Structure formats: C-alpha cells, structure tokens
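Just below is one structure, and these are the notes that go with it.
Values in this text are rule-based calculations from the coordinates and carry no lab data. Remember, it's a predicted structure, so these values are computed and weren't measured experimentally. A quick note on method: Cβ atoms are made from the backbone with ideal geometry, for glycine too, and the neighbour counts reach across all protein chains shown.
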DNA sequence: TGTGAGTTGATTTTT
DNA sequence: TCAACTCACA
C-alpha cells in the first residue's frame with residue numbers, strides 16, 4: 001500500500017523521507033523541495049512511532065522555524081515538535097542552566113547594538129580609545145573569536161594589528177562586564193552552551209538522549225560553536241539529519257564554516273547521502289545561468305541543477321545609464337505588467353547587495369504608484385525609541401543590567417547628566433556594586449550635587465514603582481513604563497513627522513506586547529518576551545500575504561521565491577562588495593550570494609547594472625561586476641549594451657558580446673516603456689551626455705578603473721586552453737577577479753600549473 | 001544640564 | 001548621504 005506521505009515524491013526525496021535511524025546528509029539545491037522533504041520526514045518519523053518530544057529541528061531564522069511548524073501542523077496535526085532557531089534553543093538551555101556559567105536565570109540578551117555600547121564604554125574607561133581602532137572593529141573581532149570558540153583568555157589574534165592588541169586586552173574585560181551585568185551577547189548564547197555541553201558530560205548525555213532525532217537546516221551556515229553543539233547532541237544517538245547546500249553558504253563573514261558540511265561525511269562515516277538536484281522552481285534558462293555562474297567556484301561539491309520545467313524566457317542582462325534610470329525603468333516595467341493584468345505586485349522582488357541601494361528603487365516604485373514593502377534588518381527593533389523602551393523592561397527584569405541603566409537613566413532627560421553618571425559609575429566600581437545599587441546610595445556619593453542626588457533618587461523610585469509590575473503581563477508594564485518614565489510625554493512633544501513616527505512605533509511595541517500576553521497567558525512572561533524581542537528581526541515580519549512588491553537584500557532573500565526577480569547594482573565595488581575583492585574565499589561567497597539571488601526567480605530574471613551610480617553621496621563611474629562575465633551569453637538577452645561604442649571610458653566588457661542589432665537600442669519595446677509610453681531607453685540616452693561629462697571628469701581625477709583584458713571572458717572551467725610552453729590542457733578552476741584572476745590548468749601531460757591570466761600566455765583553444 | 005549646530009566619519013550581510 | 005558624535009553656548 002503506498003504510503004500517503006510518500007505520494008508525489010521522487011525517488012531521491014523518498015529516500016530521504018524514509019530514512020529513520022543514523023546520520024543523513026541531504027544536499028539540496030535551490031528549489032529542490034527541501035523543506036517539503038524535511039517536513040515529510042519528520043511526519044514520517046512520527047508515524048513510525050518516534051515520540052514528538054524526541055525530535056528537535058534547528059533553523060537559523062525564525063521564519064524557517066515557523067514555516068516548519070506550520071507545515072508540520074498540517075502533516076501531523078497536534079504533534080508538538082520542537083522547531084526553533086539555534087539562538088533560541090541555546091537561550092532556553094542557558095536559561096535552565098545559567099548558574100553553571102555564573103549567570104542568573106533572568107539574564108539579559110545583548111544584541112550587537114548593546115554589546116557595541118558596552119565596548120565603547122570599556123574602551124573609554126581603559127583609555128584604549130586612542131583612535132588606532134574602532135569600537136566596531138573590536139566588536140567584530142570579539143564576535144569572530146567567539147564564533148571560533150576562543151574564550152577571553154584563549155584569544156588568538158589573527159592579525160598583528162592595533163585592533164588585535166586592543167582586543168586581547170579588552171576581551172576579558174568585556175566578558176567580565178557581561179557577567180557582572182548578568183548578560184550574554186548573541187555569540188555567548190552559542191559559546192556558553194557549547195562549553196556547557198563540553199564540560200558537563202551528564203548534561204550532554206541527558207540532552208543527547210532526550211533529543212534523539214535532530215534536524216539541522218541550512219547546515220552550510222553553521223559556525224564552529226553550532227557545529228559543536230550539534231555534535232554533542234548527536235553522539236550517543238547519531239540520528240542527525242542535516243540539510244544544506246554548500247553553494248548557498250552566505251554567512252562566512254559571521255563565522256559559518258563551509259567545512260562543516262563539506263566534511264560531514266568524515267564526521268559520520270556511515271552517513272547516508274541524498275542529493276536533491278532537480279529544481280522545481282525555476283525555468284531551464286534560469287537554472288542554466290545559475291549553474292554556469294556557480295561553476296566558477298572552486299570550493300564546492302560539484303552538482304548540476306536541472307529541471308523539467310519549461311525553457312522559459314531568457315534572463316535579461318540590462319545596463320542602465322544611472323541608478324535613476326535603473327529604478328524608473330524597473331518600476332515602469334512592473335507597473336506595466338500589473339496594469340496589463342499579467343502580474344500582481346507580489347509576484348515581483350527586487351534584490352540588492354546593500355540596504356543603502358533600496359532608496360532610489362523605492363522612489364521609482366512610489367512614483368509609479370506600485371505598492372511595495374522593504375524588508376530591512378534594522379527597521380523596527382533597532383530603533384532608538386524601541387530600544388529605549390525595552391531597556392526599561394530589561395532593567396526591570398534584570399537589575400544588574402548596567403548597560404540598560406545607562407541607556408535609560410537620562411532618557412528622557414531628567415537632569416542626570418554625564419558628570420553625574422560618571423560619578424555614580426566611579427562609586428559603583430569602588431564599591432563593586434551594580435550601577436543601580438550605586439544609584440540607591442546617591443546621597444552618599446561625594447562630589448554629587450544635591451540636585452543631582454535628588455534626581456537620581458527620583459529615578460530609583462521610578463524604577464521601584466515599575467518593578468512592582470514585573471510579575472504581571474507585559475503590556476501593562478510597558479504602558480506604565482512609557483507613561484511614568486516620561487517617554488510618551490517627550491515623544492508627544494515632538495510634533496515633527498519623525499517624532500510622530502516614533503510615538504507610533506512605541507504604540508506598536510505595546511500592541512505587540514499585548515499579542516505576546518495573549519499567547520503566553522501564564523504570568524512571568526517577561527523573560528520570554530525579552531528573549532523574543534532580542535531574537536527577532538524584521539525579515540521575520542515580512543508579510544508574504546500582502547500584495548506588494550518586495551524589496552530586500554540578497555541575504556534576506558534566501559529561502560524565498562518569486563515569479564519575477566530583479567537584482568540591481570551588480571557592479572564592481574558593490575557586488576562583490578569592495579572589501580571582499582582580495583580574498584578568493586570572499587569572492588566565492590559573493591558569487592554564492594548572486595547564485596542565491598538568481599535561483600529565487602521562478603520565471604523571469606533581470607540582472608541589472610548602471611554606468612553611473614550615486615553612492616555614498618558622490619557620483620561614480622560604475623563598472624559591471626566581473627560576475628556578469630561569467631554568465632552564459634547564449635542564454636541571456638542583453639539590453640542597453642554597446643549603444644555608445646567606443647565612448648572611451650566605459651569598460652569594454654561587451655567586447656566579446658555579440659553586438660545588438662543596429663538601430664535604437666531597447667530590444668523589447670513592450671518592456672522598455674516608461675509611464676508616458678516613451679521608450680525609457682531614449683529618455684536615458686538623452687540624459688546620458690549630461691552625465692558623461694561628470695564621469696569623464698571623475699575619471700581624469702581618479703585615473704579611472706583599469707580595463708580587464710578581454711580574454712577574461714573566454715576562459716571557462718572545463719574549457720580547453722593552450723600554452724606555448726606546456727601545450728594543451730584543461731582549466732580545472734578559475735579564481736580571483738580582475739588582474740588577479742587565476743586559472744588552475746591540468747595539461748594533457750598530467751602537469752598542473754597556475755596562471756595569472758593577465759600576465760600569462762595562456763589562451764583558450 | 002540641555003540643546004542645537006556643526007563636524008566627522010562610516011558605510012555588508014544577521015541571530 | 002546620513003547618522004552619530006562633539007562642542008559651544010544658553
């Protein structure tokens with residue numbers, strides 16, 4: 001009898017779903033139905049008699065966790081499987097065992113902003129704010145160290161620079177400060193739990209036995225701490241199923257280690273490996289473009305995307321004059337499609353490498369009257385007014401939280417200035433007390449004016465009053481905070497639109513507290529509320545249901561899909577981003593990021609770049625990203641290329657591209673008209689001479705970017721090449737970009753050599 | 001102590 | 001460009 005859960009599954013999918021015991025590695029290409037497979041597998045496990053309480057599913061984002069829960073609810077109604085993010089899982093575990101690490105159960109979770117504030121303060125306190133390094137740098141390095149599981153006293157500087165020296169001195173102080181404030185930063189959540197499991201075998205064994213079936217999503221994004229946690233929980237019961245795609249690893253910058261997935265088979269020799277390579281999402285052409293791009297990466301598991309979907313329209317590669325042209329044209333196209341009834345707003349997504357690029361696009365869409373939503377990582381929860389309000393809650397929940405106290409003690413202004421705070425802090429240090437305890441003794445602190453002491457005393461009594469409501473539901477507490485602290489009064493006073501926005505945001509926070517209360521009827525949900533607010537982000541708030549065009553970064557786009565995708569500003573210095581142009585690993589990660597973006601598209605894909613871009617306040621000549629050269633020309637439709645041949649400054653990337661047919665450029669009139677029905681290309685061309693001058697000026701000032709040799713375009717991995725000295729061979733790998741582009745070649749004699757393309761006599765055959 | 005103008009400096013991605 | 005931070009002044 002065919003199993004209902006297995007209906008409509010391919011052989012490979014079925015293999016993964018029905019695997020019960022032992023390690024399992026699912027290499028799942030984009031659009032391969034991975035989520036479906038994973039959820040079906042959990043349902044299958046449950047049907048096979050595995051108790052739901054023994055199953056633990058770990059994800060990276062709340063969205064992924066929620067989706068998994070929702071799908072499971074339909075597949076296996078009523079079964080409660082623990083699906084959560086790594087950070088949430090660790091936060092809970094830490095909550096239960098906080099004492100082990102010298103924390104209290106009510107510890108506060110510091111987000112990056114909070115920890116940065118602590119670091120700033122410490123740098124000042126210890127006279128390390130010399131300007132040789134920045135707080136951000138120090139924060140980064142501490143975070144990286146934690147991701148590598150290096151504790152404060154095991155920090156191994158990776159660079160011999162000033163920052164590393166400062167970090168070495170400051171990291172222990174930072175950790176002490178966190179401990180004293182009864183706080184843990186994001187990285188600590190993982191680090192502490194990994195350590196805890198390492199040091200406490202009883203606890204490890206107990207949890208290992210409890211979570212017998214563990215699933216990890218996006219395994220390619222795990223860092224060392226996460227890796228150790230997963231391993232520790234899958235020792236006695238190695239029923240560990242990980243899914244991932246090395247080609248979609250885009251979080252190396254925050255410690256994700258590609259080795260974790262590449263070497264999974266070494267960690268668990270008797271692993272079962274299932275490859276899901278068939279793509280159900282995108283057209284053939286989109287798949288081929290994605291495939292060709294990612295083939296340029298060297299550090300990967302070879303895998304071919306294929307699909308049985310229709311060939312589809314050729315992905316478009318479009319060059320615009322400047323970013324306004326880009327934004328207006330795209331907005332115009334989208335508007336036209338919607339008006340023609342061919343598409344709905346929600347069918348479209350626009351991706352970009354960095355948030356700052358969204359603005360022009362927003363303007364374009366707004367002018368066209370196209371509804372859109374921007375998914376941005378810093379919209380709501382990092383706003384000052386929200387963080388201020390939450391800092392009160394944090395302090396109420398954890399009176400050791402010095403950082404929160406510093407944030408709220410004079411917000412809104414209540415006559416406790418910097419000098420006063422400094423004196424209180426000095427007193428606290430002397431007496432080894434928390435800032436709040438020091439505040440209680442304000443009257444006894446010498447050097448503190450009477451007036452200041454009174455203000456501080458008032459603040460303390462405000463706090464005490466607020467704390468009376470700590471045990472109840474969250475919403476009334478928030479209301480009280482906003483009223484009694486004077487936050488509302490201060491915000492109401494500000495009649496500017498921004499001020500009104502802030503007030504509205506605080507109201508929204510209160511509303512969401514109400515929702516939280518409704519979901520958590522039991523008392524004492526304060527910790528849980530703070531935990532939730534600390535571990536969410538705006539991407540989680542993205543509304544799939546609303547009928548709007550989605551604007552988001554490529555990172556946020558992972559896991560999503562849209563019928564029509566635009567990726568804008570694919571230009572040197574932006575994508576790949578400037579500082580990753582040196583290291584091959586970084587470039588490969590950027591390439592994967594583009595791969596992720598491309599593979600979000602179901603039917604239509606448009607890759608965009610402009611010749612001029614206003615960025616960081618100034619206008620620059622923009623050069624097409626080298627990635628664009630790696631795309632298969634024969635699969636693509638190129639628009640806006642080469643209409644001004646020999647204009648002297650534009651990088652001749654199109655030298656190898658077949659020239660578009662003569663006549664006015666803009667090959668698909670229906671798509672290339674703006675709201676007035678004029679071909680946008682013409683408007684753009686008319687505007688262009690004006691900007692050329694600027695560009696030329698800029699160039700003469702800065703010397704201009706150097707053109708890459710045209711032969712860059714003609715090397716492909718697997719392609720045949722010829723060298724005057726070594727003869728004929730095959731390209732094994734291409735790495736690097738621009739003048740540093742490197743080819744690894746195996747000659748037919750068996751000899752392997754590396755060549756810097758810009759300097760070698762190597763030629764394609 | 002609080003405010004506002006002026007300056008600076010930094011700009012990736014996120015739990 | 002824009003936000004955060006500094007510094008001078010009320």
* Structure fact -> If R0 = 51 Å, then residue A:720 and residue A:518, at their Cβ-Cβ distance, give a FRET efficiency to the nearest 0.05 of 0.15
* Using bins 10 angstrom wide from zero, how does P(r) for segment A:84-191 break down, in % of all Cα pairs? -> 15, 48, 29, 8, 0
* Please work out how much length the chain gains when fully extended from residue A:363 to residue A:198, using 0.36 nm per residue of separation minus the C-alpha to C-alpha distance, in nm with one decimal. => 54.2 nm
* Structure fact -> Expressed in angstrom and rounded, the centroid-to-centroid distance over alpha carbons for segment A:541-613 and segment A:1-61 is 29 Å
* Compute the acute angle (0 to 90°) between the alpha-carbon long axis of helix A:201-210 and the principal axis of greatest extent of the alpha-carbon atoms of chain A; round to the nearest 10°. => 60 degrees
* What length, rounded to one decimal in nm, is gained on full extension from residue A:129 through to residue A:73, with 0.36 nm per residue of separation minus their alpha-carbon distance? -> 14.9 nm
* Structure fact -> Reduced to Cα centres, the span from segment A:143-207 to segment A:403-433 in Å works out to 27 Å
* Asked: Sorting A:115, A:134 on the 10 Å Cβ count, fewest up front, what's the list?
  -> A:134, A:115
* For segment A:23-133, what is the largest minus smallest coordinate of the Cα atoms on each principal axis, given in angstrom and ordered from greatest to least? -> 61, 36, 25
* 0 to 90° range, to nearest 10: angle between helix A:450-467 axis and chain A longest Cα axis -> 80 degrees
* Structure fact -> In whole Å, largest first, the alpha carbons of segment A:181-291 cover along the principal axes 53, 37, 21
* Could you calculate the FRET efficiency of residue A:6 with residue A:492 from 1/(1 + (r/R0)^6), where r is the beta carbon distance between them and R0 is 51 Å, rounded to 0.05? => 0.25
* Using a ≥ b ≥ c from the Cα gyration tensor of segment A:394-527 (square roots of the eigenvalues), is it rounded, prolate or oblate, where a/c under 1.5 gives rounded and otherwise the larger of a/b and b/c decides, a/b for prolate? -> oblate
* Asked: Computed from the mean reciprocal separation of all distinct C-alpha pairs, what Kirkwood hydrodynamic radius does segment A:410-451 have, in Å?
  -> 10.4 Å
* Once every DSSP H run of n ≥ 4 in chain A is given -39500 (n - 2.57) and the sum is divided by its residues, what mean residue ellipticity at 222 nm do you get, rounded to the nearest 500 deg cm²/dmol? -> -13500 deg cm²/dmol
* **For segment A:315-386 versus segment A:457-477, the gap between their alpha-carbon centres in whole angstrom** => 44 Å
* At q = 0.22, 0.29 Å⁻¹, what log₁₀ I(q)/I(0) does a Debye calculation on the Cα points of segment A:387-434 give, no solvent, two decimals? -> -0.80, -1.09
* **Pairwise label distance in nanometres, residue A:104 with residue A:752, each label 7 Å out on the Cα-Cβ vector** => 5.9 nm
* Once all Cα-Cα distances of chain A are split into 20 Å bins that start at 0, what whole-number percent is in each one? -> 14, 43, 35, 8, 0
* Largest-first principal axis extents, alpha carbons of segment A:308-431, Å -> 73, 36, 24
* Calculate the spin-label point distance for residue A:136 paired with residue A:301, positioning each point 7 Å from the Cα along the beta-carbon direction, and give it in nanometres. => 3.6 nm
* What nm value, rounded to one decimal, do you get for the distance between residue A:451 and residue A:578 when each label is placed 7 Å out toward the C-beta? -> 4.6 nm
* Asked: Give me the Kirkwood hydrodynamic radius of segment A:171-232 in Å, from all C-alpha pairs, to one decimal place?
  -> 13.0 Å
* After finding the eigenvalues of the alpha carbon gyration tensor for segment A:239-357, what semi-axes result from the square roots of 5 times each, listed largest first in whole Å? -> 36, 19, 14
* Label point 7 Å out from residue A:179 along Cα-to-Cβ: which residues of segment A:140-166 have amide N under 20 Å? -> A:142-156
* Ranking of A:607, A:46 by count of other Cβ atoms within 10 Å, fewest first -> A:46, A:607
